[in-house]
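Structure, as structure tokens:
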């Protein structure tokens, strides 16, 4: 197998870039460390490789996973960001990116689902509404502390009481936050929990019940059509700020992504 790893040095664990690159090259893995001007998907498309990996946070993964799907190549996730939700749900140790490199050498292959919003691939979820607005503001205030960010989130939630004017499959939904997930999450108010499976073949749509209640309205399906009065909606796309044109068609591709993970030790 010819392995190829893209490393995002600007992710949450970027200070460990030299260590990770040295370890990968020592294992015979070809490495490309991203520069600001690079186009990661084009680098992945041009790579002469039999397996493609990305070391980065959740926002770095989907564009490379899209290329892996296009080329029908195994995909390796190296947790190198701040939260690493996809790595967590794969069962990886989020604090040990070097261990994740073991997947390139005879790792276990499994097929997992990917979601799409207007054709664009996502691995975790897409959030519309206030949570998306907070992600957009986060880009302006990256150096603020987590505690301050949580307080600011609550303040914005309290101030913005107008619903989004959203319809789901033609049905009006009174909501200021809407989350579409690739498979089912355990959810708490204002936070995303863990997915037990990423291969059940279903999207899950969540709308919170009121501002302070710790419960969500949930429905599942293989497709959701979401429309709004606005032509474009702010979105948090696997935690990264984006804008989506309405209407938005959410679909799921069951088993579309071939993922390699390190072999588990025998008990």
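The values are calculated or read from the model by the stated rules, or taken from the named source; none is laboratory data. These numbers were taken from a predicted model, which means no experiment stands behind them. Note that we place each Cβ from the backbone using ideal geometry, even for glycine, and neighbour counts take in every protein chain shown.
So that you can scan it fast, the table gives a plain yes or no per residue for (1) surrounded by 14 or more Cβ atoms within 10 Å (Cβ to Cβ); (2) at pLDDT 80 or above:
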site	(1), (2)
189	yes, no
194	no, yes
197	no, yes
202	yes, yes
205	yes, yes
209	no, no
218	yes, yes
222	no, yes
227	yes, yes
Worksheet, complete the sentence: Per the list (1) surrounded by fewer than 20 Cβ atoms within 10 Å (Cβ to Cβ); (2) in a helix (DSSP H, G or I); (3) touching a residue at least 24 places away in the same chain (Cβ under 8 Å), residue check on residue 48 breaks on (2)
Worksheet entry | Flag for residue 101 being more than 29 Å from residue 251 (Cβ to Cβ), in contact with a helix residue (DSSP H, G or I) (Cβ under 8 Å, 6 or more places away or on another chain) and at pLDDT 60 or above | yes
Worksheet item: If we keep just the residues of segment 22-45 that are assigned to a helix (DSSP H, G or I), touching a residue at least 12 places away in the same chain (Cβ under 8 Å) and closer than 19 Å to residue 58 by Cα, which is farthest from the chain's Cα centre (by Cα)?
Response: 43
Discussion item. Among the residues of segment 165-178, are any surrounded by fewer than 17 Cβ atoms within 10 Å (Cβ to Cβ) and at pLDDT below 70?
Written reply: no
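Out of segment 224-249, which residues are within 17 Å of residue 172 (Cα to Cα) and either in contact with a strand residue (DSSP E or B) (Cβ under 6 Å, 6 or more places away or on another chain) or outside the structural domain of residue 168 (by TED's automatic domain parsing) (or both)? Walk me through it before giving the result.
Kept after step one, since they are within 17 Å of residue 172 (Cα to Cα), are these residues of segment 224-249: 224-231, 233, 246-249.
Selection gives 224, 225, 226, 227, 228, 233, 246, 247, 248, 249.
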Worksheet item: Only one residue in 71, 94, 137 is under 13 Å from residue 57 (Cβ atoms) and either modelled with pLDDT under 95 or in the same structural domain as residue 45 (by TED's automatic domain parsing) (or both). Which one?
Response: 94
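Among the residues of segment 1-13 satisfying the criterion of being buried (at least 17 other Cβ atoms within 10 Å of the Cβ) and at pLDDT below 95, which is farthest from the chain's Cα centre (by Cα)?
Within segment 1-13, the first condition is being buried (at least 17 other Cβ atoms within 10 Å of the Cβ), and the residues that meet it are 3-9, 11, 13.
Those left that are additionally at pLDDT below 95: 11, 13.
Values: 11: 14, 13: 17 Å.
Looking at the filtered set, the residue picked out is 13.
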Response to the item:
Residues in segment 247-256 that are surrounded by fewer than 19 Cβ atoms within 10 Å (Cβ to Cβ) and over 19 Å from residue 184 (Cβ atoms) total 2
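State all residues of segment 229-238 that are part of a loop (DSSP other than H, G, I, E, B) and surrounded by fewer than 23 Cβ atoms within 10 Å (Cβ to Cβ); if no residue qualifies, say none.
Quick first cut of segment 229-238, residues part of a loop (DSSP other than H, G, I, E, B) only: 229-231, 238.
Result: 229, 230, 231.
Given the criteria in contact with a strand residue (DSSP E or B) (Cβ under 6 Å, 6 or more places away or on another chain) and assigned to a helix (DSSP H, G or I), does residue 55 qualify?
Working: in contact with a strand residue (DSSP E or B) (Cβ under 6 Å, 6 or more places away or on another chain): yes; assigned to a helix (DSSP H, G or I): no.
No.
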Practice prompt. State whether the residues of segment 250-261 include one that is in contact with a strand residue (DSSP E or B) (Cβ under 8 Å, 6 or more places away or on another chain), within 27 Å of residue 102 (Cα to Cα) and modelled with pLDDT under 90.
Written response: no
